[in-house]
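Peer 1: Below you will find the structure I want to go over with you.
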Amino acid sequence: MLQEIIAIVREAGRIVLSAHDVESVTRAKEHNAANLVTAYDEAVQAHLREKLTALLPEADFLGEEGEHDPLTRDWLFIVDPIDGTTNFVRHLNYSNISVALAYRGEVRYGVVYNPYVDEVFAAEKGRGATLNGRPIHVTDHGLDRAITLCGSTIYDRRYTDRSFAIMRHLYDRTMDFRRFGAAALDVCQVAAGRADVFFECRLSPWDYAAGSLILAEAGGVLTRLDGTAADPREGGSVWATNAVCHDAWRELPGE
Ligand code: LIP
């Protein structure tokens, strides 16, 4: 199943790489200039829905773009067709296709693909995490050696003050921070040991469902910012670490 999902995601990556005149097919969602969608997001999602539901017809499909049917079945695909849409529109080449397959709310397969650098992060539950087929593992860095990746929850300014309070808190306690703009990929960078912590105050399920399994299989931990479990079917905050740094959530600035 994992290899079939990887093959389907790689096919979809070709749609991203073939994109042109992106600005002309871009619009803002919900009259929020920071929340963009393009015809390519929709084309990739349509491709993934067709191929993934053919692979597992008994699965429901939850994608970022558009409405979805009631989610009633045991198997569920959780899909972000282009995570990092603003980066995609601005040609920053830091976007990805993220596909999770969950069974009764437990992610069993995760694939996150950055087509710009041909990097496939993947995991099957209980069988480790890989980058282009090679095993990956988180670091053993403590907070003082940690590189922190973060999100600014730009779509919802209710979280602005807390986002910057947490950024400053971690700036004072870690090596430095980065804001790359694609959560699924950021979680995978932690899984690959390229960073040690990622947080964002509010994300949708498709932003982190696949990455949560890849990180766990690489020895890391993903929870809410208050340390509680993150249901991959529900939106919420994300605190993703190399496990060594995880308990630092207890000192993070609150709501
Ligand atoms: C994005 C996330 C990013 C977040 C953005 C946006 P999208 O996902 O990956 O971390 O800060 O606000 O949600 O919308 O580009 O798929």
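Peer 1: Work out, step by step, the length gained on full extension between Glu251 and Val117: first 0.36 nm times the residue separation, then minus their alpha carbon distance; give nm to one decimal. Don't skip to the end; give the middle numbers.
Peer 2: Numbers: separation 134, 0.36 × 134 = 48.24 nm, distance 3.60 nm.
The Glu251-Val117 span can extend by a further 44.6 nm.
Peer 1: At 222 nm, what helix-only mean residue ellipticity would the chain give, in deg cm²/dmol to the nearest 500, using -39500 (n - 2.57) for each DSSP H run of four or more? Please list the in-between numbers first.
Peer 2: Values: 6 runs with 72 residues, N = 255.
It lands at -9000 deg cm²/dmol.
Peer 1: Right, next: Distances longer than 25 Å among the Cα atoms of the chain: what percent of all pairs is that?
Peer 2: Values: 12485 of 32385 pairs.
It works out to 39 percent of all Cα pairs.
Peer 1: Two decimals is fine: what's Rg over Rh for the stretch 46-98, C-alpha atoms, Kirkwood radius as Rh? The partial results should precede the final answer.
Peer 2: Details: Rg = 12.8 Å, Rh = 12.1 Å.
Rounded to two decimals, Rg/Rh equals 1.06.
Peer 1: So, one more: Using the Cα atoms of the stretch 2-135 to build a convex hull, what is its mean projected area in square nanometres? Please list the in-between numbers first.
Peer 2: Details: hull surface 33.0 nm².
If I average the Cα hull's projected area over directions, I get 8.2 nm².
Peer 1: Here's another thing I want to ask about it. Treat each spin label as a single point 7 Å out from the Cα along the C-beta direction, and report the Arg90 to Asp161 distance in nm.
Peer 2: Result for the modelled spin labels: 2.6 nm.
Peer 1: Calculate how many DSSP beta bridges within the chain are antiparallel, expressed in % of all such bridges and rounded to the nearest 5. Don't jump to the answer; show the numbers that get you there.
Peer 2: Details: 38 of 49 bridges.
Within the chain, antiparallel bridges account for around 80 percent of the total.
Peer 1: Report relative contact order for the chain in percent, whole number only (criteria: Cα-Cα under 8 Å, sequence separation at least 6). Intermediate results must be reported in sequence, preceding the final value.
Peer 2: Details: 597 pairs, mean separation 42.9, N = 255.
Reported as a whole number, the value is 17 percent.
Peer 1: Something else: Rounded to the nearest 20 Debye, what is the dipole magnitude of the stretch 143-251 about its Cα centre when Lys and Arg each give +1 and Asp and Glu each give -1 at the C-beta? Show your work: numbers first, answer last.
Peer 2: Numbers: 13 positive and 15 negative charges, 49 e Å.
For this selection, approximately 240 debye.
Peer 1: Compute the Rg to Rh ratio over the stretch 103-255 from the alpha carbon atoms, using the Kirkwood formula for Rh, and round to two decimal places.
Peer 2: Details: Rg = 14.2 Å, Rh = 15.1 Å.
Radius of gyration relative to Kirkwood radius: 0.94.
Peer 1: While we're here: Projected onto the charge dipole of the chain (+1 at Lys/Arg Cβ, -1 at Asp/Glu Cβ, origin at the Cα centre), which of Trp75, Gln45, Ile154 gives the Cα projection farthest towards the positive end?
Peer 2: Ile154
Peer 1: Still on this model: Based on Cβ point charges of +1 for Lys and Arg and -1 for Asp and Glu, what charge dipole magnitude is obtained for the chain about its Cα centre, in debye rounded to the nearest 20? Let's see the in-between values first.
Peer 2: Values: 26 positive and 38 negative charges, 84 e Å.
Dipole about the Cα centre, nearest 20: 400 debye.
Peer 1: Order the peptides 111-124, 31-44 from the highest to the lowest mean number of other Cβ atoms within 10 Å of their residues. Walk me through the numbers before you get to the answer.
Peer 2: Values: 111-124: 22.0, 31-44: 17.1.
Those peptides, ordered most packed to least, come out 111-124, 31-44.
Coordinate-derived values only; no laboratory data. What you are looking at is a predicted structure, and each value in this text was computed from that prediction instead of being measured. Virtual Cβ from ideal backbone geometry, glycine too; neighbours counted across all protein chains shown.
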